[in-house]
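Okay, so here's the structure we're looking at.
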Amino acid sequence: MERMRKLLLLVVLAAPFVAAAADRSQPPLFFREDWTETPPNLPVTDADLANKDLTVSRWGPGGSVIKKSFHDNKPEDPYYIWSGLCPGTWAVSLRKKGAMVDLRAGKVRWRSKQAGFRELRIIVQTADGKWMVSDQSDGPADDWRVREFVLADIRWRTLDIEKVTEGAWVKAPDLSRVAEVGFTDLTVGGRSAACSRLDWIEVYGIAVSGSASD
């Protein structure tokens with residue numbers, strides 16, 4: 001009997017840790033985008049989206065020159081988004097037509113390569129039309145690499161999407177209905193020596209119906 005009571009106690013004490021581990025399980029894939037294998041395009045548009053369920057938006061004073069790039073002389077390179085020509089701050093966001101996503105237990109994965117001091121960050125737009133930018137980022141690397149972000153671990157600042165500048169910390173971010181997900185490095189392009197590059201992006205979360213306010 002005593003042994004049974006000890007086993008029950010262990011089960012009760014372990015329950016919160018088991019629940020936390022379950023929360024870390026992989027949610028379903030909401031969308032993936034890895035750009036069309038077509039000639040480079042300046043700026044990137046919906047025509048460059050491999051996933052036709054998505055739309056793309058460009059933001060900030062540098063957004064008009066965000067490029068979908070590719071190098072014929074480097075066939076090992078992917079088709080990717082490039083910020084090197086941006087004269088001002090910039091951001092790119094993706095929206096799934098007719099749906100939002102619950103990212104409270106969500107993840108974002110991408111393959112990228114930054115140069116110089118560039119740090120690529122996640123941006124989100126919530127159902128009320130507000131924008132936020134992540135404290136976690138993906139810094140410079142000598143080669144392409146995959147990075148995964150667990151959104152429950154991220155702190156968020158407000159984002160002025162027109163200027164693409166960060167603001168105050170968000171005390172209680174609501175990720176239950178997210179309309180757009182994207183990326184920015186919050187700075188200008190510096191050609192190949194100082195830029196951000198993104199090959200593909202995956203967003204994992206629970207799909208919910210509806211669309212954000214404009």
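The values are calculated or read from the model by the stated rules, or taken from the named source; none is laboratory data. The structure presented is a predicted model; accordingly, all values stated were derived computationally and were not measured. Cβ coordinates were reconstructed from backbone atoms using ideal geometry, including for glycine residues, and neighbour counts include every protein chain displayed. Surface accessibility is based on the protein's heavy atoms, side chains included, excluding ligands, DNA and RNA. Shrake-Rupley method; radii C 1.70, N 1.55, O 1.52, S 1.80 Å.
Electrostatic bookkeeping for residue 165 treats Lys and Arg as +1 and Asp and Glu as -1; over the other residues with beta carbon under 13 Å from its beta carbon, the sum is -1.
Using the rule -39500 (n - 2.57) for each DSSP H run of four or more residues, divided by the residues of the chain, the 222 nm mean residue ellipticity is -3500 deg cm²/dmol. Between 0 and 90 degrees, the angle of helix 2-23 with respect to the longest Cα principal axis of the chain falls at about 10 degrees.
With a cut-off of 13 Å between beta carbons, the residues surrounding residue 42 carry a summed charge of +2, where Lys and Arg count +1 and Asp and Glu -1. Once the 1.4 Å probe is applied to the protein heavy atoms, the chain comes out at 51 Å² accessible per residue. Per the Kirkwood formula applied to alpha carbons, the chain shows a radius of gyration over Rh ratio, Rg over Rh, of 1.07.
When the trypsin sites (Lys or Arg not before Pro) in the stretch 28-106 are filtered for DSSP coil states and for at most 10 other beta-carbon atoms within 10 Å of their beta-carbon, the remaining sites are 52, 97.
Using C-alpha pairs below 8 Å separated by at least 6 residues, the relative contact order for the stretch 87-214 is 45 percent. Using a Cα-Cα cut-off of under 20 Å, which aspartates and glutamates could be cross-linked to residue 163, ignoring same-chain neighbours fewer than 8 residues away? Output for residue 163: 119, 128, 135, 180, 185, 214. Computed over the Cα atoms of the stretch 44-142, the ratio of the radius of gyration to the Kirkwood radius (Rg/Rh) comes to 0.95.
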